[in-house]
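Below is one structure, written out as structure tokens; comments come after it.
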């Protein structure tokens with residue numbers, strides 16, 4: 001599967017779900033169940049790549065500000081939710097996390113949904129229960145970008161901090 005096909009699936013599911021994350025997960029699983037084992041494994045690999053690209057200190061600052069704190073697990077959910085919003089939104093937010101002030105919900109908790117990231121693995125388990133699908137690349141040890149301090153995180157993304165304070 002190409003990265004273009006990966007994003008076409010994500011974009012199609014996002015549009016069809018009308019923002020409902022439970023529906024988005026269900027639709028994603030339905031799309032993936034139509035694919036071969038190799039294509040689902042490739043989708044998972046592209047998803048992992050997107051998660052790694054979003055593993056940045058500035059984006060974590062955005063999640064922290066929007067939610068009044070953000071653990072490792074919550075940041076994983078945040079990144080998966082961001083991916084679920086489609087390629088255009090994903091790329092825009094990676095380039096400028098402050099853009100979340102324009103597109104983020106009034107309640108930052110809506111941006112942390114646990115489940116979307118598990119859909120590919122769940123489908124792989126259903127269609128190939130005896131196979132293992134190791135991660136293609138090692139996860140980054142640390143987020144990229146400049147680390148911030150909790151006491152001054154609002155200074156990292158002031159427009160976002162103003163919206164969520």
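The values are calculated or read from the model by the stated rules, or taken from the named source; none is laboratory data. Bear in mind the structure is a predicted one, so any value in this text is a computation, not a measurement. All Cβ positions, even for glycine, are placed from backbone atoms using ideal geometry, and neighbour counts span all protein chains on display.
Side notes on the structure shown:
- Within segment 132-152, the set of residues being modelled with pLDDT under 95, touching a helix residue (DSSP H, G or I) at 6+ places or on another chain (Cβ under 8 Å) and not in a loop (DSSP other than H, G, I, E, B) comprises just one member, 150.
- Residue pairs meeting the criteria (Cβ under 6 Å; at least 6 apart or on separate chains; first surrounded by 13 or more Cβ atoms within 10 Å (Cβ to Cβ), in segment 148-161; second not in a helix (DSSP H, G or I)): 156/148
- Boolean, residue 31 is surrounded by fewer than 18 Cβ atoms within 10 Å (Cβ to Cβ) and either at positive phi or assigned to a helix (DSSP H, G or I) (or both): no
- Filtering segment 122-137 to residues that are surrounded by fewer than 13 Cβ atoms within 10 Å (Cβ to Cβ) and either within 11 Å of residue 44 (Cα to Cα) or in contact (Cβ under 8 Å) with a residue 60 or more places away in the chain (or both) leaves 126, 131, 134, 135, 136, 137.
- Residue match in segment 85-99 (condition: surrounded by 15 or more Cβ atoms within 10 Å (Cβ to Cβ) and more than 18 Å from residue 60 (Cβ to Cβ)): yes
- Selection of segment 60-84 for residues being surrounded by fewer than 19 Cβ atoms within 10 Å (Cβ to Cβ) and within 28 Å of residue 5 (Cβ to Cβ) yields only 76.
- Residues (modelled with pLDDT of 95 or more and more than 11 Å from residue 84 (Cα to Cα)) located in segment 9-21: 16
- Evaluation of residue 75 against (1) within 16 Å of the chain's Cα centre (by Cα); (2) touching a residue at least 60 places away in the same chain (Cβ under 8 Å); (3) closer than 30 Å to residue 151 by Cβ (one fails), failing number: (2)
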